[in-house]
Amino acid sequence: REATNERTSRVEQKDQRRMVYEASALRKRTMEEASSTSALLEYMGFHGENQDPSTAEANWRHVERRLNTHPHEARALWGISYPLNLALSNSTTPVPACVVKLMIGCYPEACNDEDFGNACRYAHTTGDVLRVLLDAKPGIPSKEFIKRWDLDWIACNNNRDVAKVLILNCEAAKPSCIKEWKEMRPSSHTFWFELLMENKATAVSLQNIKSKRLLMFFILQGNYTNVKLILDTYPELIAVTSYRGNTSKQLPIHTALANSDSTGYRPWHNRSPIVRFLLDLGFAHNVGGDDACGGLYTFDSSSSALNHAIDSALNCPWDDPERKRCLQICLQFAQARMYNKSPHEIDPNVPILHASIGVVQINTFSAILEKYKGCTLHKDNIGRTAIFELVSTVTRRPTNGYTATSEIMRSMKQERDLEDGNDRRNVAFARGARLNNENVENRMLRNLVQPQGRHVLERMAGRLWDRERSILADDPDHNHDVLFIEGTRRLRALQGLLDLVESRRNRNNDDGGDNDANANEAAQRPAEDPNVIMHMNGSNQGHLLDNVNGPNAARVEIARRLRRQMRRQRFGNEPDELFPMHPALNIRRERLLRPQINELQEGNDFEPEIDLETITPLRNLIDERNRELDDIQEKIVEKKYFGSIRKILLNDVLSTGDELKNCAKMKDSLGMLPLHFAAERGMTVEQGFKDIVHAYPEGVSDDVDGFFPFMYAASANASPNLIFQLLRECPEVGLLTRK
C-alpha cells in the first residue's frame, strides 16, 4: 500500500509539472505570435525585453494611428489580455481617454466589468477615462458592479478626479446611511464625505444627516474632520437632539461623552478634540441656555453630559487616556463657566484634579483620586499642585457661587419646594376665596377654605422654624439674626393674624351662653368625629392642633399658653408681648402641646376666619427668611466642602518612587510653598489657613527672595492675630532685626 501511494504521488507531481510547462509554453507562443503579428502591441511598449504592462512605455500617438488603419489589431491577445486591458493598467505612460474610446469602438467586447473595477483601483486613472468606460457600459453605475473596496482603493490613492465622476454618475459611490458607511474603511470616510459635501450630494443634505444620524456616527467613530465639516455647514445641528439605544433627547455632546457600548467599555479613539469642538460651538450658540455651559449641564433622558463624562471615565475597567482627557476638558470648561470665562481663555494644560475643585462633589473628587492615583502631586504649567488651586478657588469666590455647592443647594431647594408645593397651592386657594357671605353654597366652601389656609401657614412656619434651628446649629459661631427669637419686627404680619383671631374670640365670648353650650357639646365629641377634625395633612401624620376635642377658640388658648411656657423655659420670665410667634404655630412638639390640650377641652364653636389680606405678607415673610437662610446655609456648605477637599489634599501620598510626599511641602516654579501662596492671597483662618500651616509647620520660617509668610499676610491685609502668630513662629525675624 505504501509503494502504491508513493507511485501515485509521483505520477500526480509529474502531471502537475507537465501542465505548468504546457501553460507556460502556450503563453510564450501566444506572446511571440502577438508580438510578431501585431505592431500595435509594439507601439504600446510590449516586446521581448519588457512584458510588464505597468512599466511599458507606450507611444499613444502611434497607437491611435495604428488603430485607425488596422482596427482588427484591437482583438490581438497578449497572453490573456486585450490591448484595452493592457492600456488601462499602464501606470508609466497612462492611456488618454481618446485611445480608450477608439479601442472600445474597434472591439467593444474587450470592455468588461472587471476593467471598470481595475480602472477605479488604479491610481493613474483619470476622470475622462472613467467617463468613457461609463458611457461604454451603461449598467456599471448600479451598486452591483461597484464594491465598497473600490471606494476604499480610490480613497487610498487620493484620486479625487475619479471620485467626482463616480459621485456624479453612480449611486453606489454615495453612501447615505450608517450601514453603508460601516462597509467602508474608517480611513476612507473623510475623503468621500468631503467630496460629497463639495458636490452637494443628497446623501449629505441636512435632512439626510438628521434622519440617518450621521453626525452621531462620525462622533462615535472619532472622525473629527467630518464632525467639524458637518457642524460648519449645518451649525444648527449642535442643538438638535436624537436617540441612541434606550436614551433619548441626546445632544451631540451627550453622544460624545456617554458610554457607547451597553455590554462593556471600549477604548475611545480621537474623541477629545471632538468634545472640545462641541463645547466651543455650544458656547457660541448658547446651547441649553446661559447656565448650561454649552450643553455640558443639559440633561438627556438619563443624565447630564458632565455626569456622562464622569461615569465613562471613572467606571471604565482600565485607565483609558482618551476618556481621561475628555473628562479633563469637560472639567476645564465647567471651571471656566464658574468664573464666567470664555472658551478661548481656558488653559488646556490644567490638570484634571485642579479643574475639578469647586466643580464636582466630594465623592466624585475622591473617585478621581482613586482612579488616577498620584494626581495629587501633578503640577500645572507653573509647577503648582492642586493645593494651590484650592487656595486660589477659596479666596476667589465666583459671583454666582461654586458649581458644586450650588448643586447641593439646588437639590435641597427642590426637596423643600416639593414639600411646600401643596401648601403653597392651598394658600393661594384660600387667598382667592373672596366669597359672598349670603350665598349658602359659598359659605360652605369658605368653611373648608379658611381652616385649610390657616393650617397651611402653620405647617410652613413650622418647617421654617425647624430649618432655622438646624442651620444655625451647624454654625455655632454665627452672627446671624434669629428670626423667631429676636426679629419681632419681622413678624408683624403673623402678629396681626393672631391678634385678629384673638379679638374675634373675645367678641364671641361676649355673646352669651348659647355659644358656650354649643362649645361644651362639641367638646364631648370623640376625636374621630369628622366635624371636630377640621383638617388633616395629606401624609400619614396628623396635626396635633387638629385633634383637639374642641373648636378653634381652644386652639388659640393653647397657643398662648404654649408661647408663655416656652418663653419661660428660655428666658425665665414671661414677656409682655405675645412673642415668640412660632411656638404658637409649631404643631410638631407633642411633649409641650399635649398637657395644654388635655387641660383645655372646652370652648365654643366659633370658627374664626383668616384675614385674606394677611396671607400674602406672611407668605412673603417666610419666603424672604428662606432666602436668607439659603445664603447662610450655602456658606456652611462651602466651608464643609472645601474643608473635606483640603483634608484629602494635605494627606501624604505615595509617589512613583515609593516615597511619601505631601503637596504642602512642594514648591512651585517661583519657589513658593502653598503657605506663601495662601498668605499672599489673603486666606483666612475660617478658610483653612491653619490647616496648611499645620501640614508643614517648617514652612513658616521659609522665605522666598527674603519674603516670609507673615510678610505676605501683612501685604494682603490679613488679620493682626494671624500676622502675629506667623511672626511668632518665625525665629529668623530676630536675626533680621539685629541686622
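The table for this structure:
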| read-out | value |
| --- | --- |
| Flagged links, alpha-carbon separation over 21 Å, of Lys379/Lys635; Lys379/Lys647; Lys341/Lys635; Lys228/Lys341; Lys324/Lys413 | Lys379/Lys635; Lys341/Lys635; Lys228/Lys341; Lys324/Lys413 |
| For segment 675-735, accessible area per residue (1.4 Å probe, heavy atoms of protein chains only), Å² | 52 |
| All-pairs alpha carbon distance profile, segment 337-397, 10 Å steps from 0, percent | 20, 55, 24, 0 |
| Share of Cα-Cα pairs in segment 309-420 lying beyond 18 Å, as whole percent | 53 |
| Translational diffusion of segment 110-266, µm² s⁻¹ [Kirkwood Rh, Cα pairs; Stokes-Einstein; 37 °C; 0.692 mPa s] | 196 |
| Area accessible to solvent at Val685, 1.4 Å probe radius, in Å² | 60 |
| Segment 206-260 - convex hull of the alpha-carbon atoms, volume per residue in Å³ | 71 |
| Cα Rg, Dmax, segment 231-306, angstrom units | 12.1, 36 |
| Amide H partners (placed H, <5 Å) of Ser304, local residues excluded | none |
| Reduced Cα scattering model of segment 643-733, Debye log10 I(q)/I(0), q = 0.11, 0.25 Å⁻¹ | -0.30, -1.33 |
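The values are calculated or read from the model by the stated rules, or taken from the named source; none is laboratory data. On a predicted model such as this, the values are computed, not experimentally measured, just so you know. Heavy atoms of the whole protein, side chains included, go into the accessibility calculation; ligands, DNA and RNA do not. Shrake-Rupley method; radii C 1.70, N 1.55, O 1.52, S 1.80 Å.
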